[in-house]
Amino acid sequence: MRPVLEQERSSTGVRVPIVAMTPAKAGESEGGQEGERVMKQTEQLNLPGVPRAKQGREVPLQWEWTEAEVWTERMLATLERGVKGGKWHSLIDKVWNQATLNKALETVVRKKGAAGVDGENTQRLKGQREEIISILTRQIREDRYQPKPVKRVWIEKLGSKEKRPLGIPVVRDRVVQTALVYVLEPIFEKDFAEHSYGFRPERSAQDAIARVEQLLEQGYHWIIDADLKGYFDTIPQDKLLKAISEKVADGKILGMIEKYLKQGVMETGKGWQPTKTGTPQGAVLSPLLSNLYLNPLDHQMAQNGRQMTRYADDFIIQCQSLEEAEQVLREVQQWVEKAGLTLHPEKTRIVDARQRGGFEFLGWHFERGYKWPREKSVKRFKQSLRDKTPRNLGKGLQVTIAGLNRKLKGWGQYFSGGNGFIYATLDKWLRMRLRSILRRRAKRKGRGRGRDHQRYPNAYFAELGLISLKALNSAKRASPTT
């Protein structure tokens, strides 16, 4: 089911021993990105060159994505010019402003999501909109807002017995955190490094992959494949707050962020637990704060002429020689230790992308001048399709295919452009599952096979509108710039 190159993979590459800087924390999560997860994240971002229009504002193109409810033309002009002393004061009124909170509430309702520890869901939020906005405005303005603990759930990691924690804030906290992001994001975004792509406006994982491929073509084939052990859970909160205060001097804003960091978690069977380190994965603020904390590393690498590509806590650095890669890894180790973080001693390594084994980044596998979706990304994708196509499915086939197409289009758009037979193999596998449904309805047992291919040929599913991953990939490879 994989390309020939992947079947020949071996554990090659130069491995560099790394000494863990701090002991592992119980229940910490892995910082790596799964391809499926990255694909979902990129769907939430605006594509480069397609900014969202904001009514009634004349602003520079790079700030079109900012929220007009918060960032007026005058504020953006100040942002461009720079504030006195380099710090922003008196921002809390932008957070409790009803227009800001209304916009934030709309965003939370649109994204839906599970309820937190209080059981309140987004539908109730929508139904009691005016009352909730009034309460939040008053509480924040009077400095009485107190976030509730985050609900902790454990998510299975594909291909591993380990699980990673996910934090689910209550919906009202998500509204307030969203308002905070609207206010703070442009302030920090102005100074973020060019090679950082994760959770940033008008940037995507596709952009990061394009940079990696360009550097490979230029001869940067020695790869530092870095892994920050439990990054989100181990960020030192005192150092993070200090980093925020270098740009924001509003004490009430800083106080609110500190409350969120220390709000604790609620877990079934364990009750409330304090959070002394980190920022919860799943919290609205976490992506912005995590980017902020790694920003100094980004700039250090750029100033030293290093070719780094980062998406959230997942990053690689490309070098032109083994000697350079070993030196750069030492630089990264020193920075990470000083920042109170830990490089995973087993998952951080140096590899030569020209050799068998290659490296993986943002759901892709790169090896000897080729790329294809990595095995975990394919397995996760197949499981999502399997969940939609049980043999006893009670839906009509056209309804089922419409639901499948949404998944196929999203996955196919992200993973188009790769090599190998995986796309045709996935098409064939999915048609088999659809034939199995039809076979079951015809009172025949087992998987779709034999004469089922004549009863329901490939053209039958094409006429019903089923998207072909092979066709999507062929179109992308024929027109790689689109």
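Once label points are set 7 Å from the Cα along Cα→Cβ at both residue 87 and residue 262, what is their separation, rounded to one decimal in nm?
Result for the modelled spin labels: 1.9 nm.
Please work out how many pairs of lysine residues in the range 398-482 are eight or more positions apart (or on different chains) and have Cα atoms closer than 27 angstrom.
10
If the reach is capped at under 23 angstrom between alpha carbons, list the lysines near residue 347, excluding any in the same chain fewer than eight residues apart.
25, 157, 161, 163, 229, 338, 371, 376, 379
At 1.4 Å probe size, with every protein chain present, just tell me what the per residue accessible area of the range 57-186 comes to in Å².
On a per-residue basis, the range 57-186 sits at 52 Å².
About the Cα centre of the chain, how large is the charge dipole given +1 on each Lys and Arg Cβ and -1 on each Asp and Glu Cβ? Please answer in debye to the nearest 20.
3240 debye
Starting from the amide H of residue 282, placed 1.01 Å from N in the peptide plane, find each other amide H under 5 Å away whose residue is 5 or more places distant or on another chain.
167
Using only the alpha-carbon atoms, how far is helix 251-261 inclined from the longest principal axis of the chain? Give it as 0 to 90 degrees, nearest 10.
Relative to the chain, helix 251-261 is tipped by roughly 40 degrees.
Among 197-204, 391-398, 162-169, what's the highest-first ranking by average C-beta atoms within 10 angstrom per residue?
197-204, 162-169, 391-398
Once each part is reduced to its C-alpha centroid, what is the distance from the range 339-365 to the range 429-482 in angstrom?
36 Å
Taking every alpha carbon pair in the chain, what does the distance histogram look like in 20 angstrom bins from 0, in percent?
Reading the bins upward from 0: 21, 52, 26, 1.
Work from the charge dipole of the chain (Cβ charges, +1 for Lys and Arg, -1 for Asp and Glu, about the Cα centre) and give the residue of 271, 317, 408 farthest towards its positive end.
Result: 408, furthest along the dipole toward the positive end.
How far, in degrees from 0 to 90, does helix 129-141 lean away from the longest principal axis of the Cα atoms of the chain, to the nearest 10?
Helix 129-141 sits at roughly 40 degrees to that axis.
Under the rule of at least 5 residues apart or a separate chain, name every residue whose amide H is placed under 5 Å from the amide H of residue 374.
Residues meeting the criterion, in which the H sits 1.01 Å from N, are 364, 365.
What is the spread of the Cα atoms of the range 81-171 along each of their three principal axes, largest first, in whole Å?
51, 38, 24
Taking Rh as the Kirkwood radius computed over C-alpha pairs, what is the Stokes-Einstein D of the range 166-293 at 4 °C in a medium of viscosity 1.567 mPa s, expressed in µm² per second?
The diffusion coefficient I find is 79 µm²/s.
At a Förster distance of 25 Å, what's the computed FRET efficiency of residue 303 paired with residue 247, Cβ-Cβ distance as r, to 0.05?
That gives a FRET efficiency of 0.80.
In deg cm²/dmol and to the nearest 500, what is the mean residue ellipticity at 222 nm of the chain if only DSSP H runs of at least 4 residues count, each as -39500 (n - 2.57), divided by the residue total?
-14000 deg cm²/dmol
What distance in nm separates the two pseudo spin-label positions at residue 370 and residue 273, each 7 Å out from Cα along the beta-carbon direction?
With each label point 7 Å from Cα toward Cβ, the separation is 4.4 nm.
Contact order normalised by length for the chain, with contacts defined as Cα pairs under 8 Å and 6 or more residues apart; what percent is it?
This gives 21 percent for the chain.
What GluC sites (Glu not before Pro) does the range 321-404 have in DSSP loop regions with at most 16 other beta carbons within 10 Å?
Of the GluC sites (Glu not before Pro), the ones in loops of the range 321-404 whose Cβ has at most 16 other Cβ atoms within 10 Å are 346.
R0 = 51 Å: FRET efficiency of residue 130 with residue 330, Cβ-based, nearest 0.05?
Step by step, r from the Cβ atoms, then E = 0.35.
Can you list the trypsin sites (Lys or Arg not before Pro) in the range 71-116 that are in a DSSP coil and have 12 or fewer other beta carbons within 10 angstrom?
112
The values are calculated or read from the model by the stated rules, or taken from the named source; none is laboratory data. Source: prediction; values computed, not measured. Here Cβ is always computed from backbone atoms with ideal geometry, including for glycine, and neighbour counts include all displayed protein chains. Side chains included, ligands, DNA and RNA excluded: accessible areas come from the protein's heavy atoms. Shrake-Rupley method; radii C 1.70, N 1.55, O 1.52, S 1.80 Å.
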